Structures are given as C-alpha cells and as structure tokens.
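Remarks on the structure that follows.
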Amino acid sequence: MVKNILNALFFVFVLVSCQNKKNVKNEKPNIVIIYADDLGYGDVGAYGATELKTPNLDKLASGGVRFTQGYATSSTCTPSRYGLLTGTYPWRNRDAKILPGTAPLIISTDQLTLPKVLKSKGYQTAVIGKWHLGLGSGNVNWNERVSPGPNEVGFDHAYIMAATQDRVPTVYIENGNVDGLDPNDPIEVSYSHNFEGEPTGQDNPELCTMKWHHGHNNSIVNGIPRIGYMKGGEAAKWNDVEMADHFLAKAQSYVKDHKENPFFLYYAIQQPHVPRTPNPRFVGKSGMGPRGDVIVEADWVIGEFLKTLEEEGVLDNTLIIFSSDNGPVLNDGYYDDAVEKLGNHKPTGGLRGGKYSLYEAGTRVPFIVYWKGKVQPLVSDAVISQVDILSSLAAMVGSDEIGPDSQNLLQVLMGESQMGRDELVLEANTRTAFRKGDWLLIPPYEGPEVYTDVNIEVGNSSEYQLFNLKTDQEQQKNLASEEAELLKEMIASFAKARGDEKKNVEDVELK
Ligand code: NG6
Ligand code: CA
C-alpha cells in the first residue's frame with residue numbers, strides 16, 4: 001500500500017517536473033543572433049540573388065519569417081552594432097562611428113544592453129566574432145587584460161576580433177586577453193605612427209599579396225596591408241583564411257558546452273567585409289572572385305552551425321535571428337575583383353545606394369527569424385529595425401526592460417503580426433534620414449553625392465529628398481516639391497522623432 005502510494009507520488013513528481021522542464025524550454029529558448037558584415041539586401045538567394053547560391057540561408061528564410069523591410073540602424077558597422085546591442089539609436093552617441101582598433105569602449109558599463117537583459121533572466125551570454133565597439137578606456141596595453149570590453153557590458157564569454165579584419169590589432173581576444181600572446185613578444189599598436197623598421201603597404205608593395213586601392217596601406221600582416229600600425233605579437237596573429245573556421249569552431253564548442261541551460265550567442269561573422277580571404281576550399285566557388293566566395297563560405301559556416309544545433313539536440317529550442325550590419329560595397333579599399341567579376345549579381349537587390357548611404361541599400365538588409373517548429377514560415381512586409389530586438393526579446397523572456405529607442409515588436413518578430421514600426425530614423429555617417437509609413441525623407445546635406453572611391457551614392461543633396469517607398473522602392477523620383485504639404489509634415493515629425501525629451505539631445509544636430 002505504502003509502496004503504491006510512493007510509486008504514485010513518484011509518478012506525479014516525474015510528470016510535474018517534466019512539465020516544468022517543458023515550460024522552461026518554451027519560455028526560455030536559446031537565442032542566437034548571426035550577424036554578417038556588409039552583406040547586401042540582394043546577396044542572399046531568398047532575397048532574389050540568382051547568381052550566388054546561399055542554400056543554408058535560404059532554408060532559414062523559407063522556414064521562418066523573412067522580412068522585406070528589415071533595417072540596420074546605420075549604414076556602417078560600429079553604429080549598427082551599437083543600436084543592436086543597446087536598443088538606442090546610434091546618432092544619440094557621438095562616438096558611435098567607424099572606430100579605429102584603439103578606440104575606447106563606446107557602450108557605457110552602466111548602460112542597458114541586450115546581453116544584460118537576457119542575463120538578468122538567467123541566460124548565459126556570449127559574443128563570438130567581430131566586436132568593433134571599442135575596448136578599454138584609452139591607451140590600451142594589449143599585453144595585459146583589456147577592459148572594459150564585452151565582459152563588462154553583459155557578455156559572460158567573449159572571443160572577438162577588436163575592430164575589423166582590415167584593422168590592427170590582427171589578433172583574437174578572449175575575455176580581454178590576446179589569445180596566444182607570447183609575453184616575450186609584446187604587441188604595440190598605433191593609429192598615428194609606424195614603429196621603427198616595420199614595413200608598410202605604402203613603402204613595401206613588394207611584400208603585399210593583396211593590393212590596396214584606397215586606405216589600407218599601413219602595417220602588413222599575412223601579406224595584407226591594413227589600417228593602423230602594429231608591432232610584435234607574432235604568435236598571436238590570426239590566419240585570415242582560417243578565420244571563418246576558427247570562429248565557427250568557437251561557436252560550435254560554445255553550444256556544446258552551454259546547451260544544458262538557456263544561452264544567448266551573438267555570433268558576428270566577418271564576411272563579406274574586406275579583406276575578403278576565403279579559405280582555399282571556397283576559392284573560385286562563386287565565380288565572382290573573393291567577395292562572392294566569402295559569401296558562399298559564410299553560408300556554409302551557417303549550415304555547419306545549424307547542424308551543430310541539431311546534433312546537440314537544441315535546434316528546436318533555439319530562436320535564430322540572421323541579419324547584416326549594413327549594406328553592400330564592392331571596392332572597399334583593396335583590388336579584389338569584386339567589381340570586375342560581379343557579372344549580373346546585384347548585391348543591393350535593386351535598392352539605391354549601398355554601404356555608407358542614406359538611401360535604402362545602406363540600411364535595408366536581409367533580416368530572417370527562424371525557430372524550428374515554433375515560428376511559421378512567412379514573408380513579412382512589416383517595418384522592423386535591429387534596434388527593436390532588445391525590447392522584443394526582453395518581452396519574450398519575461399523582462400519589462402525597454403531600450404530607449406527599441407519597440408517591443410515581439411509579435412512581428414515571431415510572424416504573428418505585421419504591424420511593424422510606423423516611424424524609423426536611419427543613419428549614415430552621423431547624417432540621418434526619416435521613414436514614416438511608406439515615405440522616406442532625407443534632409444539636405446553638404447558633401448559629395450557619390451563617394452567616388454567606393455562608387456556609392458550616399459544621399460547628400462542640396463535639396464530635400466522625399467520618396468514613396470511603396471511605389472518607388474528604387475528611390476528614383478524625388479517628390480519633395482510635388483508633395484509640399486507632406487514634406488512639411490515629414491520635417492516636423494522628423495524633428496519630433498529626433499526627440500527633445502530624449503537624453504544626449506545636445507549631441508544631436510538636426511539639419
Ligand atoms: C572605412 C574603410 C573601409 C572599412 C570601413 C569600416 C578606408 C579607406 N576604408 O574607413 O575599408 O574598413 O571603414 O567598415 O580605410 S565597417 O563595416 O566596419 O563599418
Ligand atoms: Ca559592416
């Protein structure tokens with residue numbers, strides 16, 4: 001009798017604990033953000049690329065929500081990453097612009113961040129890949145632990161490159177320490193002067209296996225001339241052609257080691273930013289030269305990573321968001337055939353502009369949400385920005401934190417609603433533009449209409465520009481004079497959206 005009661009109690013206990021576990025599973029899925037660098041709206045099969053094959057991304061897109069109007073907060077890297085991780089528009093922070101490898105951390109350690117929100121709800125948090133948000137507080141000694149950095153703004157674990165693949169220091173940093181550093185060969189880094197006896201791209205072209213086109217003529221590492229000067233740290237220097245495999249292996253072991261409890265992994269892959277250095281396995285695979293080859297490589301990496309999630313039994317309990325930090329650029333400073341071998345491929349997907357631009361191709365990027373068995377396949381035309389990810393994911397994990405500019409669009413993110421943003425401020429090199437409904441306003445800006453080095457129209461004009469994105473996605477028809485009333489309303493709404501009541505308003509200069 002007693003035994004029967006005990007058995008029954010045990011049965012109930014098992015049942016309840018299984019249910020609890022299941023509940024926990026559904027409420028707290030693992031979260032992975034895979035973030036590409038300079039991948040254009042049209043660089044993915046699911047977004048219309050036909051010449052370039054991206055089967056793994058296409059699988060995510062066809063099995064999840066594919067946003068046709070998903071935006072990065074800026075058309076360059078640092079500000080976009082700032083917006084993604086802080087839920088704050090980058091133009092509120094005057095330091096949120098393309099940073100040198102020696103720049104101090106631009107996220108304040110007491111600022112709200114996405115990893116902090118998730119950590120407060122029990123998540124383990126990690127960043128693997130490109131950082132580019134600054135490290136330390138000025139005058140970093142790379143031979144000691146570098147701090148503050150990702151660990152001080154919410155990431156339990158960080159395995160990063162400091163800035164970009166084309167900037168020194170060309171070493172990996174694990175939780176603040178340069179990976180593989182030989183203390184007898186200390187690292188020195190400067191963005192103002194070279195070190196005695198060190199060759200440069202400018203003076204020693206014979207040592208370069210990749211030729212620079214503009215910029216990129218300082219220290220030479222692995223035959224590639226970079227931005228900035230560096231001496232020492234020989235054993236710690238990364239191998240460019242193995243970078244994709246290296247970050248992948250780190251991401252895979254992170255999943256294996258942390259799968260027992262909910263984790264958040266911000267996996268910031270380096271492709272297809274310059275210098276484009278496909279692993280030899282991918283050379284020639286796209287027929288488009290290195291830019292196409294590293295996109296094929298990136299797609300493969302994502303496929304391998306998904307396999308790991310599946311093999312480790314966590315794929316159906318992992319929410320995956322894929323996007324890019326800004327739009328595409330072909331020649332971004334090296335001769336690498338990106339222009340010459342492009343053929344019929346359209347990295348912008350027909351949008352105007354590109355990286356550095358206030359036109360759509362600068363900030364409208366591939367944006368995919370995938371959660372096997374949970375998120376239903378959908379092509380969503382809702383307007384959503386990466387700045388909204390913080391508040392939306394906070395809501396998902398039961399936190400009521402709201403980022404300063406971040407809207408809770410959880411239902412939109414999950415494909416349950418298409419009521420996206422009505423208004424959005426876009427940014428390019430500290431200039432801003434304003435979207436409201438289907439309309440896009442670019443105020444007059446001085447400066448060149450085209451950045452000639454990269455051959456991209458950046459949006460500067462002496463006139464107001466007003467486009468209807470519904471009828472004129474290519475932004476060919478400026479309706480500013482035709483729609484004079486609307487123009488006035490848009491200018492007023494834009495001024496309001498830039499916000500008098502928001503903090504750091506003294507940093508904001510509205511043109
Ligand atoms: C520019 C670099 C470009 C790229 C960019 C940052 C030159 C001439 N150009 O200054 O090559 O590194 O900065 O790109 O140096 S981002 O995607 O990280 O914003
Ligand atoms: Ca970028």
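The table for this structure:
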quantity	calculated
Test: Ile160 is open to solvent by less than 40 Å² (accessible area, probe 1.4 Å), within 16 Å of ligand 1 (Cβ to nearest atom) and either outside any loop (DSSP other than H, G, I, E, B) or free of Cβ contacts under 8 Å to residues at least 40 places away in the same chain (or both)	yes
Of all residues making up the stretch 62-107, the number that are open to solvent by 20 Å² or more (accessible area, probe 1.4 Å) and out of contact with any strand residue (DSSP E or B) (no Cβ under 7 Å at 6 or more places or on another chain)	8
Of all residues in the stretch 180-197 being buried (at least 16 other Cβ atoms within 10 Å of the Cβ) and under 23 Å from Val241 (Cα atoms), the one that is nearest to the chain's Cα centre (by Cα)	Val189
Matching option when the condition is open to solvent by 10 Å² or more (accessible area, probe 1.4 Å) and of a type in the set (Ser, Thr, Tyr), among Ser399, Ser391	Ser399
Gly215, sole failed condition from (1) closer than 23 Å to Ile106 by Cα; (2) within 16 Å of ligand 2 (Cβ to nearest atom)	(1)
Filter pass, Thr78 being under 23 Å from Ser391 (Cβ atoms), in a helix (DSSP H, G or I), in contact (Cβ under 8 Å) with a residue 24 or more places away in the chain and of a type in the set (Val, Ile, Thr)	yes
Unique residue being within 15 Å of ligand 1 (Cβ to nearest atom) and either in the same structural domain as Thr170 (by TED's automatic domain parsing) or surrounded by 22 or more Cβ atoms within 10 Å (Cβ to Cβ) (or both) when the list is Val296, Val274, Val255	Val274
All strands (runs of 3 or more DSSP E) inside the stretch 188-289 with 1 or more residues being touching a helix residue (DSSP H, G or I) at 6+ places or on another chain (Cβ under 9 Å) and touching a residue at least 60 places away in the same chain (Cβ under 8 Å)	263-268
Some residue of the stretch 128-139 being away from ligand 1 (no atom under 16 Å from the Cβ), in contact with a strand residue (DSSP E or B) (Cβ under 6 Å, 6 or more places away or on another chain) and in the same structural domain as Gly403 (by TED's automatic domain parsing)	yes
Matching residues in the stretch 67-107 - criterion: being away from ligand 2 (no atom under 16 Å from the Cβ) and over 17 Å from Ala163 (Cα atoms)	Phe67, Thr68, Gln69, Thr86, Gly87, Thr88, Tyr89, Trp91, Arg92, Asn93, Arg94
Test: residue in the stretch 174-187 that is away from ligand 2 (no atom under 16 Å from the Cβ), assigned to a strand (DSSP E or B) and under 23 Å from Thr76 (Cα atoms)	no
Any hit, the stretch 393-408, residues being modelled with pLDDT of 95 or more and within 16 Å of ligand 2 (Cβ to nearest atom)	no
Considering residues of the stretch 316-350 that are under 17 Å from Asp58 (Cα atoms) and among the hydrophobic types (A, V, I, L, M, F, W, C) only, the residue surrounded by the fewest Cβ atoms within 10 Å (Cβ to Cβ)	Leu319
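The values are calculated or read from the model by the stated rules, or taken from the named source; none is laboratory data. Not measured: the values here are computed from a predicted model. Using ideal geometry, Cβ is built from the backbone for each residue, glycine included, and neighbour counts are taken over all protein chains shown. Just the protein is used for accessible areas: all its heavy atoms, side chains included, with ligands, DNA and RNA removed. Shrake-Rupley method; radii C 1.70, N 1.55, O 1.52, S 1.80 Å.
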